[in-house]
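The values are calculated or read from the model by the stated rules, or taken from the named source; none is laboratory data. Remember, it's a predicted structure, so these values are computed and weren't measured experimentally. No Cβ is skipped: glycine too gets one built from the backbone with ideal geometry, and neighbour counts run over all protein chains shown. Note: areas computed on protein heavy atoms with side chains; ligands, DNA, RNA excluded. Shrake-Rupley method; radii C 1.70, N 1.55, O 1.52, S 1.80 Å.
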Amino acid sequence: ADKEFQKALDLNPRNAKPHLDYALGELALTDRLEQAIEESTRAISLDPIGDGYGFKAMLLVCARRYDQAIAQANKALELNPRAIGSQSILARAYVQKGMLAQAAAEFEKAQEMSPRRAHWTASLAELYVKSGRRAEAEKMLTEWSQRPGREFGHAESMAMINLGLDNKDEAFRWLEQAYREKWSRLAWIKIDPEYDSLRGDPRFSALIGRMGLN
């Protein structure tokens, strides 16, 4: 894949999309996150009104550079206020900074945009628990358990909520479900901060290995 991405970039270095695809589809998931961020910056310079800001914000969240991620996500939303991906990234950055009110407000906007596609709202469970509001996280688990299994990102949402409640066995059960369903975004658990508490567990390493990402 790396070889083919390089060929695409050699053929047309001023096309922003291959730079983004290379960053997201290859570099970020093969232990080259800083290089991925650099590629997303190149993409933005080539297409300053495209999708680059939102994707760069996502990479910055994975790099634990949350203030920069917030700035990039806000730029993306200035260009496209209905970009649910950028809206979710903004909220996730606030979750990681421990800013519950801001995270909840931004996730509420994402829910209004597309209730069935705002699965990252599930990451609020961890913040509720850390904020001494475990009952709200448990209520979230009950509500999400009643949602359709075919809903966008449902298995990963259930994993995130259970992880927030420190139900690690259940979290792994749902990650396995996401793996069986071939959930396209599952590979990102390798670098997403939401999964930091699982990284020392051999089951996590085994799952990463089955996806060919070790």
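Quick look at the numbers
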| item | result |
| --- | --- |
| Anisotropy class of the range 1-62 from Cα gyration tensor, a/c 1.5 cut | oblate |
| Whole-percent carbon and sulfur share, accessible surface of the range 124-214, 1.4 Å | 49 |
| Under 13 Å, Cβ to Cβ, from ALA28 - net charge with Lys/Arg +1 and Asp/Glu -1 | -4 |
| Cβ charges +1 (Lys, Arg) and -1 (Asp, Glu), total dipole of the chain, debye | 160 |
| Tilt relative to the chain, helix 168-180 - C-alpha long axis, 0 to 90 degrees, to 10 | 50 |
| Rounded, prolate or oblate (a/c below 1.5 giving rounded, otherwise prolate when a/b exceeds b/c) for the range 1-153 by Cα gyration tensor | prolate |
| On Cα atoms only, tilt of 100-113 relative to the major axis of the chain in degrees | 70 |
| Surface share of carbon and sulfur [accessible, 1.4 angstrom probe, percent] for the range 1-57 | 52 |
| Contact order normalised by residue count of the range 37-86, Cα under 8 Å, 6+ apart, percent | 32 |
| Inter-centroid distance (Cα atoms) of the range 146-189 relative to the range 67-84, Å | 26 |
| Per-peptide average of other Cβ atoms within 10 Å, ordering 175-187, 63-75 highest first | 63-75, 175-187 |
| Nearest-ten-degree value, helix 2-11 long axis tilted from longest Cα axis of the chain | 40 |
| Solvent-accessible area of ARG199 with every protein chain in place, 1.4 Å probe, in Å² to the nearest 10 | 70 |
| Residue with peak Gaussian network fluctuation, the chain [Cα springs, cutoff 10 Å], from PRO148, PRO18, PRO81 | PRO148 |
| Cα-based shape type of the range 18-98, given that a ≥ b ≥ c are square roots of the gyration tensor eigenvalues and the cut on a/c is 1.5 | oblate |
| Accessible area expressed per residue, the chain, with surrounding protein chains retained (probe 1.4 Å, Å²) | 49 |
| Total charge dipole magnitude, the range 46-167, about the Cα centre, Cβ charges on Lys, Arg, Asp, Glu only, Debye to nearest 20 | 80 |
| Estimated 222 nm signal from helices in the chain, with DSSP H stretches of n ≥ 4 weighted -39500 (n - 2.57), rounded to 500 | -19000 deg cm²/dmol |
